[in-house]
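Everything below concerns the one structure shown next.
Please treat every number below as a calculation from the coordinates, not as lab data. Just so it is clear, the structure is predicted and the values come from calculations on it, not from any experiment. As a convention, Cβ positions derive from the backbone with ideal geometry for all residues, glycine included, and neighbour counts pool all protein chains shown.
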Amino acid sequence: MKIITGSDLRKMRKEAGLSQEQLSEKLHIARSSISKLERGQLELRVSDFFRWVNATQSQEYVAAMILGIDVAVLQQALEMISTLAVGWIGGLL
């Protein structure tokens with residue numbers, strides 16, 4: 001299983017367009033703790049990880065973690081499947 005790092009947490013937050021302050025308000029966690037989590041200076045509890053995922057709409061990170069693959073690989077695979085499905089459906093119409 002892939003371990004989520006502080007840089008992953010930062011990327012999730014930034015991709016969601018949230019500042020540390022905005023995320024801290026959503027999670028009811030101090031902004032300084034958000035900063036420490038993203039720098040790997042504080043360990044994220046599992047329950048807080050799932051709250052982070054929900055707040056940032058980053059479910060692909062959970063799937064990648066479970067599958068033991070890098071999230072970029074999963075995103076590429078999902079894009080390829082989506083493209084193939086659209087082409088296949090378009091061919092039926």
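For K36, the aspartates and glutamates whose Cα falls under 19 Å of its own Cα, not counting residues fewer than eight places away in the same chain, are D8, E15, E21, E25, D48. With N as its number of residues, the chain has a Cα radius of gyration that, divided by 2.2 N^0.38 Å, comes to 1.29.
Report the one residue of W88, Q41, L27 whose Cα lies farthest in the direction of the positive end of the charge dipole of the chain (charges on C-beta: Lys and Arg +1, Asp and Glu -1; origin at the Cα centre). The residue sitting farthest along the positive end of the dipole is Q41.
Of all complete DSSP H helices in the chain, those with a Cα span along the helix axis of 24 Å or greater and a mean Kyte-Doolittle hydropathy of 0.0 or more are 71-92.
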